[in-house]
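This report concerns only the one structure given below.
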Amino acid sequence: PSFPQGNSECINGYFGLSTFIHNPRQGFLRHFYSEDVVEQTNWNYWEDMAWLFGRDKYGLVESTWDNEGVQYGLHALKQKKITLAEFVHINKNIGSWKAQHQMRAETIVTPFGRKMPFWISLWGSDNITQVIDNELAPRGSASLNAIEAAYRGGQVFIGKLDLPIIDVRHYLEEKLDMHHMSASFSTRLRLQQANGHYDNQVIWVAKRDFDPTNQAFDMMDSWLLKRKEFPELNATQSRPVQLQDTCFDDKGSIVAQGDNVWHGNWNNLDHSKKVIKRGLCAEHYAIFSNSRIQAEGPWQGSVFKCHKIPFEQAIKQGMYADIDLAEQLASLRTIFSQGVCDYSQGDAGRPSDL
């Protein structure tokens with residue numbers, strides 16, 4: 001394949017790590033394993049979860065990955081940042097990962113040894129579905145049984161937690177780095193949804209040149225000691241008064257702290273608003289979203305497999321705001337012939353008793 005245009009945090013954060021370090025079949029850890037072990041093992045997360053997710057008819061572990069009905073770029077379309085033709089092109093071509101039994105190892109040559117690989121198949125291009133003969137790139141469908149098992153087996157954080165949390169991270173949004181800010185706020189929203197509040201979570205963010213980890217440990221120590229001294233108090237009640245949401249500059253000075261400093265798009269549930277008033281920390285350190293959020297999925301990241309509604313029903317419900325779909329209506333009906341995601345219904349695979 002040709003060199004791709006653009007990049008992503010997934011490529012920078014996981015590509016070499018997952019396929020060349022964690023996978024002894026093709027990585028430089030191979031000599032630590034016997035040949036029999038290397039060849040007999042499927043080296044991936046799914047195989048680790050075989051005991052919980054179960055196996056498909058090919059003997060491979062069922063997957064929770066799904067993107068059927070996802071309307072990539074929907075928010076940008078409604079904000080008029082992309083055209084309707086671009087929206088159609090994205091959703092026709094985006095596809096998914098191939099079914100596991102169709103996947104193959106990356107094409108890598110190592111003329112100078114395994115620590116200096118040359119990648120022939122770039123960005124996992126051999127393992128994604130493609131548009132063929134002007135048809136749609138097929139989307140991926142998850143196993144509902146595997147999703148339910150993930151919830152019941154404790155693989156999904158659903159917010160039911162009454163422990164002290166200090167979420168400390170460097171601000172890396174402008175870098176292609178997998179330690180993205182949205183994770184802090186998906187956690188916060190899950191806590192809110194489960195408990196009615198997120199008072200037991202504090203978020204600290206600093207520039208890369210300053211590391212507040214030691215201060216965070218000191219504050220956590222105070223928090224835990226108070227809980228030990230007063231066991232009748234819950235995590236919220238025992239939280240030190242001076243411990244608040246905070247953002248720091250590169251010298252360690254506090255830019256802002258207190259309630260609402262992280263107010264931003266993550267807790268703006270009205271997708272129709274183009275501009276919202278952000279808190280001081282969110283203004284200083286912009287919180288980026290991701291492709292599912294741009295498809296108007298929840299910031300919680302809490303939907304493995306969406307409930308779908310017919311495309312025509314989505315139009316009637318005003319899902320596309322004032323966008324005139326007429327010139328691409330036939331294409332959109334074809335792309336979303338099985339329906340589009342209605343995120344208001346939650347996760348199709350989440351057990352109703354959780």
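A short reminder: the numbers here are calculations on the coordinates, not readings from a lab. Keep in mind the model is a prediction, meaning the values are calculated, not measured. Don't worry about glycine lacking a Cβ; one is built from the backbone with ideal geometry, like all the others, and counts go over all protein chains shown.
Of note:
- Distances between placed amide hydrogens fall under 5 Å for Val255 paired with Cys247, Phe248, Asp249, all partners being 5 or more residues away or on another chain.
- Cβ-isolated cysteines (cut-off 4.7 Å), the chain: Cys10
- Derived scalar couplings between HN and Hα for segment 339-352 equal x, 10, 5, 10, 5, 5, 8, x, 8, 5, x, 7, x, 5 Hz in order, rounded to whole Hz, by the Karplus curve 6.51 cos²θ - 1.76 cosθ + 1.60 (θ = phi - 60°), x for Gly and Pro.
- Proximal lysines relative to Lys160, as straight alpha-carbon distance under 23 Å, when same-chain residues fewer than 8 apart are discounted: Lys226, Lys228, Lys305
- Those chymotrypsin sites (Phe, Trp or Tyr not before Pro) in segment 285-329 that DSSP places in a loop and that have at most 15 other beta carbons within 10 Å: Phe288
- Note, ³J(HN,Hα) from phi for segment 158-164, Karplus 6.51, -1.76, 1.60, rounded to Hz, x at Gly and Pro: 10, x, 7, 8, 10, 10, x
- Summarising the amide proton neighbourhood of Ile166: residues at separation of 5 or more, or on other chains, whose placed amide H is nearer than 5 Å comprise Val202.
- Whole-number percent relative contact order across the chain, with pairs defined as alpha carbons under 8 Å at least 6 apart: 19
- For segment 101-189, the list of GluC sites (Glu not before Pro) that fall in a loop by DSSP and count at most 14 other C-beta atoms within 10 angstrom reads Glu135, Glu174.
- Distant-in-sequence amide contacts of Ile128, defined by a placed amide H-H separation under 5 Å and a gap of 5 or more residues or a different chain, comprise Lys98.
- Inter-centroid distance (Cα atoms) of segment 116-187 relative to segment 309-338, Å: 27
- Where (i) 22.1; (ii) 20.8; (iii) 27.3 are the candidate values, the label of the one calculated here for mean projected area of the Cα convex hull in nm² is (i).
- Taken one residue at a time, the phi angles of segment 23-34 give Karplus couplings (6.51, -1.76, 1.60, θ = phi - 60°) of 9, x, 5, 10, x, 7, 8, 4, 5, 7, 10, 6 Hz. Gly and Pro are set to x.
- The chain: DSSP helices with Cα axial extent of at least 18 Å and average Kyte-Doolittle hydropathy no lower than -1.0: 182-195, 213-229
- Packing, as the average of other Cβ atoms within 10 Å across residues, places the peptides 24-33, 136-145 in the order 136-145, 24-33, highest first.
- Aspartates and glutamates with Cα under 16 Å of Lys57, excluding same-chain neighbours fewer than 8 positions away: Glu47
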